[in-house]
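K.L.:
Below is one structure. I have some questions about it.
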Amino acid sequence: MTMSPLLSRRLAVTGMSCAGCVAVVENALRNAPGVTTADVNFAERTAQVSGDTPLATLIQAVRDAGYDASELRDAAAEAERDAAEQAHYRRLIRNTVVAGALAAPLMIAEMAGWLPVLATSRGQVFWIGVGLLTLAAMMYSGGHFFTGAWKQFRHHNANMDTLIALGTGAAWFYSMLVALFPTSVPSLAQHAYFEAAVMIIALINLGSALETRARGKASAAIQRLLGLQPKTARLVDGDQERDVPIETLQPGALIRVRPGEKIPVDGEVISGQSTVDESMLTGEPLPVAKQAGDPVTGGAFNKAGAFLFRATRVGEDTVLAHIVASVRQAQNSKPPIGRLADRVASVFVPSVLIIAVLTALAWFNFGPEPRAGYMLVTTLTVLIIACPCALGLATPISIMVGVGKAAEYGILIRDGEALQRVGQLTTVVLDKTGTVTTGRPTVTAVVTTAGFNEDELFTLTAGLEAGSEHPLAQAILDAARERGLAIPPVEQFEAIAGHGAQGTVNGRVVLAGQRRWLDGQGIDTTLLQAKAECLAAAGQTPIFVAVDGQAAGIVAVADPLKPDSAAAIARLRQLGLNVVLLTGDHAATAQAIAAQAGIEQVHAEVSPTDKASVIAKLQAQGEAVGMVGDGINDAPALAQADVGLAMGTGTDIAIESAGMTLVRGSLHGVADAIALSRASLRNIRQNLFGAFIYNTLGIPLAAGVLYPVSGLLLNPMLAGAAMALSSFTVVSNANRLRGFQPPNLPRGNPQ
């Protein structure tokens, strides 16, 4: 089967042991014919691949690089992968116990002086036996390190497995050589390191187990989202009702939801009423009342009341499925700060191998006696401590947690780059209609000129606006229906984006829109201008109407401020952001709305193209600009901005043009996104700083730079413990984001 163009596949990648593997797998996938993009998430052990390449080719490319892959297509594949992760965790714990059970008694006995020395025949037999036992333990608990290293060697690569296999393998071979031929080395060098080799393997397995468990917590947001959807639905078929698997539901199916049940798929209420908790989808903790005609979303929790609804979207078309897909895509993406870490990690292991060789040569040629012993200990310590896992986990694990946390607050992030950029914004530009205001305007006044009455003006205007999707057009249609007017059909309809609309209604040419546009068409609107200014100053939008080339009147429409807009804008200002209102509406109306919302800078009567130009001018002044909008006319500005934030209540084209979508449609989501981005970036920087410092200080210490001045060497087992704990520390620090709450949050926790 061949992928359709730009189809995205998600693969589970096995065999990756450190961040150095990321570049190898990404390069293998990107070099496959037809692949356009490939991003590997080391924290999740997955790859997101776009292109028109067959699945078999992608999997073979990964295998040719020394790893393995399978497609994560559906919930069953995800469940199978999760089960494999759990089995892997149990195996790591078992490996730790087996290796530790042998190493710990040996270490205690040696420190107590209970073990025989190698120089005696009894001691030689004892240590040979210990060597065979440790070999068995190493193969059982650490065999995957050696097989992984061999695979990488065959493919001319090196990774963490290479470092561990070389280090522990060298320690075991040296120790066995000394046990078999003790006189072959100076007496001071007659020491075995069997317990060190097996204890290092125990510690690394323990660190990997802790990391695996912590990674599971990092992906908890996805698991909670997946857990929102019930397994069955109550299907109503005539007089019969039965529970059916949701996979069998088709659009149009009638489904009954009882109190305390989860809504299985998206739909529209047919009968009954209830209150529904949509907090896990929108971040809004307050239940929402539902009655006939209202939409319901799959995954929401029905609190009180029962209702019947008709399914409109099922399977992968539901809002919940899109949210899960969006979160997964974002978690697999990389922000610019993460690509730097990947580049460093890709050359890290070869660099460590070179450092290890130089360390061995330095100690062998210039070190004190026993040179061989010192050489082994320092080289082993360098190989063990220098693991790039923490470096590779630093960014993706924070992205996973941050994106998942954003979803809990009703913020869908398209990629890691958007998550990074939104925290760096200095200016937020807001569209008016549907963004700052409710987007559900109502007609508030009608003004006519001589020769026209209100009903005639309404009939012609409503007939014209029947061809438009603009919220203001809907307000006029609703008002005409309330008056009981018949709405005539429109012919030759044309919408002029950002200006108005024109068409033929009842044989008459009708234009409705901005005054400047009508003036440009040669229509004299002078008699209406004074009244229009009064209406606009009161926050009402005047729509000028012309019939057959003559000004016919004004239909005034008011779009009230959203109840939480002023508070949300105040939060944005507290975050240090400059807030700008950008609208195509009348200047006086825009100023009135801006005053109510607490916005000082306003750009009004701006066309869709000019909106993008305003964004570009702000960027040219050095501002990092975020644009918030919901309409088709906002798409160019959303695309031009450093980060576009689309209202989830808006049009598909606006959402597609944006880097973030605010599911609930509240401006509080913008402030939440900025605060969460800043917290995530701070967390990533902490992780990267810790990882860089760990390796920057750890490798020289392991190589013995302090020995000439202090006589101190780093114990290989301490190096193993430090390496194992470094990754766990990074993952644990990222998990702190799970407790994030936006500051000045004027509502409860969405959970």
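K.L.:
Can you list the helices (runs of 4 or more DSSP H) lying wholly within the range 158-272 that have 2 or more residues being more than 30 Å from PRO388 (Cβ to Cβ), within 32 Å of the chain's Cα centre (by Cα) and touching a residue at least 12 places away in the same chain (Cβ under 8 Å)?
P.N.:
In the range 158-272, 220-228 are the helices (runs of 4 or more DSSP H) which contain 2 or more residues that are more than 30 Å from PRO388 (Cβ to Cβ), within 32 Å of the chain's Cα centre (by Cα) and touching a residue at least 12 places away in the same chain (Cβ under 8 Å).
K.L.:
While we're here: For the condition over 20 Å from GLY207 (Cα atoms) and of a type in the set (Ser, Thr, Tyr), what is the one hit in THR96, THR120?
P.N.:
THR120
K.L.:
Where in the range 654-738 are the helices (runs of 4 or more DSSP H), entirely inside, with at least 3 residues that are touching a residue at least 40 places away in the same chain (Cβ under 8 Å) and open to solvent by less than 10 Å² (accessible area, probe 1.4 Å)?
P.N.:
Because the criterion is at least 3 residues that are touching a residue at least 40 places away in the same chain (Cβ under 8 Å) and open to solvent by less than 10 Å² (accessible area, probe 1.4 Å), the helices (runs of 4 or more DSSP H) in the range 654-738 that meet it are 668-703, 716-735.
K.L.:
Looking at the structure I just gave you, is ALA724 at pLDDT 90 or above and touching a Ser or Thr at 6+ places or on another chain (Cβ under 9 Å)?
P.N.:
Taking the combined requirement at face value, the residue does not satisfy it.
K.L.:
Residues of the range 114-136 being open to solvent by 20 Å² or more (accessible area, probe 1.4 Å) and either under 10 Å from MET176 (Cβ atoms) or part of a helix (DSSP H, G or I) (or both), which ones?
P.N.:
Hits for the range 114-136 are SER121, ARG122, GLN124, VAL125, PHE126, ILE128, GLY129, LEU132, LEU133, LEU135, ALA136.
K.L.:
Just to be sure before I move on: is ILE397 open to solvent by less than 50 Å² (accessible area, probe 1.4 Å) and aliphatic (A, V, I, L, M) in the structure I sent?
P.N.:
Yes: the conditions hold for ILE397.
K.L.:
Can you tell me which condition GLY463 does not meet? The list is (1) open to solvent by 60 Å² or more (accessible area, probe 1.4 Å); (2) at pLDDT 85 or above; (3) over 38 Å from the mean Cα position of the chain (by Cα), and all the others hold.
P.N.:
Answer for GLY463: the failing condition is (1).
K.L.:
Of all the residues that make up the range 327-368, how many are at pLDDT below 80 and buried (at least 21 other Cβ atoms within 10 Å of the Cβ)?
P.N.:
Selection size over the range 327-368: 12.
K.L.:
If we keep just the residues of the range 69-84 that are modelled with pLDDT of 80 or more and crowded, with 17+ Cβ neighbours inside 10 Å, which is nearest to THR57 (Cα to Cα)?
P.N.:
Ranking the qualifying residues of the range 69-84, first place goes to ALA69.
K.L.:
Which is farther than 21 Å from ILE164 by Cα and touching a residue at least 12 places away in the same chain (Cβ under 8 Å), of VAL382, VAL428?
P.N.:
Going through VAL382, VAL428 in turn, just one is farther than 21 Å from ILE164 by Cα and touching a residue at least 12 places away in the same chain (Cβ under 8 Å): VAL428.
K.L.:
Any residue at all in the range 402-418 that's open to solvent by 10 Å² or more (accessible area, probe 1.4 Å) and more than 40 Å from the chain's Cα centre (by Cα)?
P.N.:
So far as the range 402-418 goes, no, none of its residues is open to solvent by 10 Å² or more (accessible area, probe 1.4 Å) and more than 40 Å from the chain's Cα centre (by Cα).
K.L.:
Just checking, which of ALA624, ALA590 is in contact with a strand residue (DSSP E or B) (Cβ under 6 Å, 6 or more places away or on another chain) and closer than 24 Å to THR426 by Cα?
P.N.:
Of the residues listed, the single one that is in contact with a strand residue (DSSP E or B) (Cβ under 6 Å, 6 or more places away or on another chain) and closer than 24 Å to THR426 by Cα is ALA590.
K.L.:
Given the options GLY238, GLY207, GLY252, name the one that is farther than 26 Å from PHE728 by Cβ and modelled with pLDDT under 90.
P.N.:
Of GLY238, GLY207, GLY252, the one residue that is farther than 26 Å from PHE728 by Cβ and modelled with pLDDT under 90 is GLY238.
K.L.:
Then there is this: From GLY503, GLY434, GLY439, grab the single residue that is small (Gly, Ala, Ser), at pLDDT 90 or above and either buried (at least 19 other Cβ atoms within 10 Å of the Cβ) or in contact with a helix residue (DSSP H, G or I) (Cβ under 8 Å, 6 or more places away or on another chain) (or both).
P.N.:
Going through GLY503, GLY434, GLY439 in turn, the sole match is GLY503.
K.L.:
Consider the range 296-319. How many of its residues are crowded, with 18+ Cβ neighbours inside 10 Å and outside any strand (DSSP E or B)?
P.N.:
Residues meeting the conditions: 7.
K.L.:
Can you pull out every residue in the range 369-400 that is modelled with pLDDT of 90 or more and outside any helix (DSSP H, G or I)?
P.N.:
Matches in the range 369-400: none.
The values are calculated or read from the model by the stated rules, or taken from the named source; none is laboratory data. The shown structure was predicted, so the numbers you read here are calculated from the model rather than taken from an experiment. Methodologically, a virtual Cβ is constructed for each residue, glycine included, from the backbone with ideal geometry; neighbour enumeration extends over all protein chains shown. Note: areas computed on protein heavy atoms with side chains; ligands, DNA, RNA excluded. Shrake-Rupley method; radii C 1.70, N 1.55, O 1.52, S 1.80 Å.
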